[in-house]
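Reviewing the structure listed below.
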């Protein structure tokens, strides 16, 4: 805590003396505007020049935070991470150190951009949140050529273990089974892979699992219904006391889910077969955009070449979740 307080003082002093500051992004709360590893150029600006949609550097409770302004009133601003469901506490003028004016990503220099959207009149807030976080953002990331899969992932001591497949295959159920046995959630049905130095890391999304009603008693305990994800689905959102890993982790294994009437089987896929399956599981916004598809295909080819993808076939029987968890854990650990 003392070190973080010193960082706050240094950042404020550099901005006051030089007018600009460069910082490296380490968290995922501002996805997809800011990525872990990005560098941001922050410029000193008068508080009365700060506007909603600006991305600002805030010193709060002895630590630094880069979030977006969502409201400014009564001499205070309210900020929030783009990937977070709730806003931060109101921020006083002396806590706003500067405004992000540039983003350095690899060899590219980007300018922060904002878009305003208006929901359909009468659309419930939970539906808007679901569509934005679970549909719009993954599709936009895929449109940018990123590797984004219909997959859930959990954090284990050996790295990230992911479950991919079509809707209803049991991705969230398996992630929940691992969480119930000590793992932390990384993401549910939106797996973003970040490539660094020839390795792929799973980028955390937000703490929440979307579960069908018949699965809730086995994973959430009791028979009470969960808050619905949106108005048009019976799925519930499990968030309470959910262990969550906020740091990217290297991909350890990715299991493509299949149904089996018999026992549990796990078989590695060749890079060729793995690529075909990964493409099937990808979020694709525009199938006619050749440049985005090319970027995505090349990225998925490199994922497939790592030979981390396996086919997992198992009976759809909730009573066998402990057995399934044990089999996956043994395989992922190479035993």
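Derivation of every value follows stated rules applied to the coordinates shown; laboratory data play no part. What you see is a predicted model; the values in this text were computed from it and never measured. Every residue, glycine among them, receives a Cβ derived from its backbone with ideal geometry; neighbour counts consider all protein chains shown.
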When only C-alpha pairs under 8 Å and at least 6 residues apart count, what is the relative contact order of the chain, in percent?
14
Taking a ≥ b ≥ c as the square roots of the Cα gyration tensor eigenvalues, with a/c under 1.5 meaning rounded and otherwise prolate when a/b beats b/c, else oblate, which class fits region 284-324?
oblate
Euclidean distance between Cα centres, region 89-163 to region 269-320, Å:
22
Hey, if you drop one equal point scatterer on each alpha-carbon of region 2-110 and run the Debye formula without solvent, what base-10 log of I(q)/I(0) do you get at q = 0.17, 0.23 Å⁻¹?
-0.76, -1.42
Expressed in angstrom, Rg and Dmax over the Cα atoms of region 89-213 are 17.6, 50
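Please give the length that would be gained between residue 301 and residue 94 if that part of the chain were fully extended, namely 0.36 nm times their separation in residues minus their C-alpha to C-alpha distance (nm, one decimal).
Answer, rounded to one decimal: 69.7 nm.
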Region 2-110, relative contact order in percent, only Cα pairs under 8 angstrom and at least six apart counted
28
Given region 126-332, what percent of its DSSP beta bridges are antiparallel, to the nearest 5?
70
Got the relative contact order for region 36-160 handy, in percent, Cα pairs under 8 Å and 6 or more residues apart?
22
Quick one: Debye curve from the C-alpha atoms of region 179-318, no solvent, what's log10 I(q)/I(0) at q = 0.10, 0.20, 0.22 Å⁻¹?
-0.44, -1.35, -1.38
For region 177-207 and region 39-65, what is the centre-to-centre distance using only Cα atoms, to the nearest Å?
29
Paramagnetic label zone (point 7 Å from Cα along Cα-to-C-beta, residue 323; backbone N under 14 Å) in region 232-270:
260-266
For residue 24 and residue 118, what does the FRET efficiency come to when R0 = 45 Å and r is the distance between their Cβ atoms, rounded to the nearest 0.05?
0.85
A chain fully extended from residue 287 to residue 333 at 0.36 nm per residue, minus the present Cα-Cα distance, gains in nm 12.9 nm
Distance between modelled label sites at residue 218 and residue 167, nm, 7 Å Cα→Cβ extension:
2.1
